[in-house]
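Visitor: What follows is a structure written as structure tokens; I'll ask about it next.
The values are calculated or read from the model by the stated rules, or taken from the named source; none is laboratory data. On a predicted model such as this, the values are computed, not experimentally measured, just so you know. Methodologically, a virtual Cβ is constructed for each residue, glycine included, from the backbone with ideal geometry; neighbour enumeration extends over all protein chains shown. Heads up: the accessible areas ignore ligands, DNA and RNA and are worked out on the full protein's heavy atoms, side chains in. Shrake-Rupley method; radii C 1.70, N 1.55, O 1.52, S 1.80 Å.
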Amino acid sequence: MSTSHTFESYASRDIRLGDLQIARALPIRQRRMVGPWCFLDRFGPVSFGEVSPMDIAPHPHIGLQTITWLLAGEVRHNDSLGYEAVATPGVVNVMTAGRGIAHAERTPVANSGRLSGVQLWAALPDAHRAMEPAFESIAQVPAVELPGGVIRLFSGTLEGTTSPATHYSGILGADLTIHSGAALAFDVQPSYEHALMLLEGNCEFEGNPLQQQRLYSLGTHRASAAFRSKGGGRVLLIGGIPFAEQILMWWNFVARTHDEIVEARTDWVEHRRFGEVPAHPGPRLEAPDLSDLARPNPIS
Ligand code: MN
């Protein structure tokens, strides 16, 4: 094992989204991105006896893709293109905001009473960030069975298997199951930077025990990754080619300049560009005050 590789641990920030407690692993002060990934929220596990179901009113996005991946429960997506899709474990929902889209996310009426998952955002590179918006739901992401566990691949390629999800720069998103008492190892792209988050159970990465609510940055130049679990565990592995462009994030927008943010916010307030989400009646989310522009704090 090389000791020259990066292994840095960052505490997530506690965020409240309605009734839901969220661990925000990206962006944090010390780390803004991992490859194109610029946002990572871990929500749950919760039961709806303790908290209310998810109900996020229509809100806009630009310049990014949202990726919703669940370990338990259900989240229904409705957008201004007219798409409706319920995410459940094994499904990945990928919404490409491009120049602008609005969507709502909520727990469907028929639900399991539980919720556990992640939502990630991938920044779109300059060549694609003004594209027309799009949405895809992949009913069953590819799973690679290895002796020590299973790789569920929602974005990118590992072990010769590629997720059908459409992306616009080198990217990796995988949910690793490490069986109890087992070791899981595989090759990764040395040109990618990578990061880990423990989702369930327990797991060690190259001898380092992982804790929940933390992001572990692995840097670039790794050719392989090795995990071991005593009682079984699940780990989120994200990565990608280090993003070459400087992004500006504010609320639900990924842009390059303040002017673009101001314009997108005005278009939302004045009901232009993004469209409506008729499947989710009731009030939309209001844009925060622009005085917050100096302190980017995206919600979801
Ligand atoms: Mn959203």
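Visitor: Inside segment 77-101, can you point out the residues that are more than 13 Å from the ligand (Cβ to nearest atom) and surrounded by fewer than 23 Cβ atoms within 10 Å (Cβ to Cβ)? Break it down into steps so the answer makes sense when it comes.
Guide: Step one: of segment 77-101, the residues more than 13 Å from the ligand (Cβ to nearest atom) are 81-86, 88-92, 98-99.
Those that are more than 13 Å from the ligand (Cβ to nearest atom) and surrounded by fewer than 23 Cβ atoms within 10 Å (Cβ to Cβ): L81, G82, Y83, E84, A85, V86, T88, P89, G90, V91, G98, R99.
Visitor: Okay, next question. Looking only at strands (runs of 3 or more DSSP E) that fall completely inside segment 102-164, which ones have 3 or more residues that are within 16 Å of the ligand (Cβ to nearest atom)? It would help to see each step written out before you state the result.
Guide: Details: elements: 114-123, 134-138, 143-146, 149-158.
Result: 114-123, 134-138.
Visitor: Answer yes or no as to whether D55 is within 13 Å of the ligand (Cβ to nearest atom) and open to solvent by 10 Å² or more (accessible area, probe 1.4 Å). Before the answer, list the steps.
Guide: Values: within 13 Å of the ligand (Cβ to nearest atom): yes; open to solvent by 10 Å² or more (accessible area, probe 1.4 Å): yes.
Yes, satisfied.
Visitor: State the number of residues belonging to segment 88-101 that are in a strand (DSSP E or B) and closer than 20 Å to V277 by Cβ. Working first, answer last.
Guide: The initial filter retains those residues of segment 88-101 that are in a strand (DSSP E or B), namely 92-96, 101.
Add one more test, that the residue is closer than 20 Å to V277 by Cβ, and what stays is 93-96, 101.
Of the residues in that region, 5 qualify.
Visitor: A further question follows. List every residue pair whose Cβ atoms lie under 8 Å apart, where the two residues are 6 or more positions apart in sequence or sit on different chains, the first residue falls within segment 7-23 and is at negative phi and part of a loop (DSSP other than H, G, I, E, B), and the second residue, located anywhere, is among the hydroxyl-bearing types (S, T, Y) and modelled with pLDDT under 90.
Guide: D19/S52
Visitor: Mind telling me which of the residues A255, A225 ends up being touching a residue at least 12 places away in the same chain (Cβ under 8 Å) and touching a Gly at 6+ places or on another chain (Cβ under 6 Å)? Talk me through it step by step, then tell me what you get.
Guide: Details: A225 fails: touching a Gly at 6+ places or on another chain (Cβ under 6 Å).
Matching residue, one of A255, A225: A255.
Visitor: All but one of (1) closer than 24 Å to A122 by Cα; (2) touching a Gly at 6+ places or on another chain (Cβ under 8 Å); (3) not acidic (D, E) hold for L215; which doesn't?
Guide: (2)
Visitor: Going by what's in this entry, would S116 be described as touching a Gly at 6+ places or on another chain (Cβ under 8 Å), under 20 Å from A57 (Cα atoms) and modelled with pLDDT of 95 or more?
Guide: Working: touching a Gly at 6+ places or on another chain (Cβ under 8 Å): yes; under 20 Å from A57 (Cα atoms): yes; modelled with pLDDT of 95 or more: yes.
Against the criterion (touching a Gly at 6+ places or on another chain (Cβ under 8 Å), under 20 Å from A57 (Cα atoms) and modelled with pLDDT of 95 or more), S116 qualifies.
Visitor: Looking at G282, G275, G231, G239, which one is open to solvent by less than 60 Å² (accessible area, probe 1.4 Å) and modelled with pLDDT under 95? Break it down stepwise before answering.
Guide: Working: G275 fails: modelled with pLDDT under 95; G231 fails: modelled with pLDDT under 95; G239 fails: modelled with pLDDT under 95.
Only one candidate qualifies: G282.
Visitor: Of the residues that make up segment 196-203, is at least one crowded, with 16+ Cβ neighbours inside 10 Å and within 16 Å of the ligand (Cβ to nearest atom)?
Guide: Pass one, segment 196-203, residues crowded, with 16+ Cβ neighbours inside 10 Å: 196-203.
From the residues that got through so far, the ones that are within 16 Å of the ligand (Cβ to nearest atom) too are none.
No, segment 196-203 has no match at all.
Visitor: When the residues of segment 14-41 are narrowed to those that are within 30 Å of V188 (Cα to Cα) and open to solvent by 10 Å² or more (accessible area, probe 1.4 Å), which ends up farthest from the ligand (Cβ to nearest atom)?
Guide: Looking only at segment 14-41, we keep the residues that are within 30 Å of V188 (Cα to Cα), and these are 22-41.
After this cut, where a residue has to be open to solvent by 10 Å² or more (accessible area, probe 1.4 Å) as well, the list is 29-33.
Values: R29: 22, Q30: 24, R31: 21, R32: 19, M33: 18 Å.
Per the criteria, the residue is Q30.
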